[in-house]
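Below is one structure; the comments refer to it alone.
The values are calculated or read from the model by the stated rules, or taken from the named source; none is laboratory data. Just so you know, these numbers come straight off a predicted model, no measurement behind them. We place every Cβ from the backbone using ideal geometry, glycine too, and count neighbours over all the protein chains shown.
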Amino acid sequence: MSDSKALYSFDDHGALSRVAQAGLLTGVTDGLFSSVLSVAFYNSTIQRLFQGVASTLLGADAYQGGNRTFAIGVLMHFGVAFGWSVVFLLIVRRVTWIRRLLDSPYGVVKVASLYGPFIWLVMSLVVIPVLRLLPPVISVRWLVQLIGHIPFVGVPIVASICKGSARSVSEKTASQ
């Protein structure tokens, strides 16, 4: 197993802690980003935002569910963040060109610029429409989310999972 592949392994406690960090950090940063958009720009509330998340599984009644469906929406949001973090670790373990790109200058930003929008495309064009039985809606809000998924989803996942990448390890070793 190559040195960089070993760093992205599930075989050690470090990889699991990176997944935990990625899921928590992504859940918080994306949650804050979406909350600011909802309140400051879309004239809504944080409760309604997360009830909307819950509505993908519970239906429109989630908007009438108060704190219960708000909490379900928050849990679903973090569950999705953890899920995409695990998916990224699996991708890094299996796809050599991703590891090479990560180990290049600005690799985290390059990969996050691909992975964040990829997540939004899958969620907004496949997962949510299938669960809600409604076609996707492409709008300015959709585009804001697409771009916002680079810094608020892609970067936290990629940076957390790749903490201790081959490039930074070899640079530390060379300086010793």
Taking residue 43, is it out of contact with any helix residue (DSSP H, G or I) (no Cβ under 6 Å at 6 or more places or on another chain), part of a loop (DSSP other than H, G, I, E, B), modelled with pLDDT of 95 or more and surrounded by fewer than 18 Cβ atoms within 10 Å (Cβ to Cβ)? yes
Of the residues in the range 1-40, how many are of a type in the set (Gly, Ala, Ser), at pLDDT 95 or above and either within 18 Å of residue 85 (Cβ to Cβ) or surrounded by 14 or more Cβ atoms within 10 Å (Cβ to Cβ) (or both)? 8
Pairs with Cβ under 9 Å, 6+ apart, first in the range 122-141 and surrounded by 13 or more Cβ atoms within 10 Å (Cβ to Cβ), second among the small types (Gly, Ala, Ser) and in a helix (DSSP H, G or I): 132/55; 136/124
Residues in the range 51-74 that are surrounded by 15 or more Cβ atoms within 10 Å (Cβ to Cβ), free of Cβ contacts under 8 Å to residues at least 40 places away in the same chain and under 17 Å from residue 127 (Cβ atoms): how many? 7
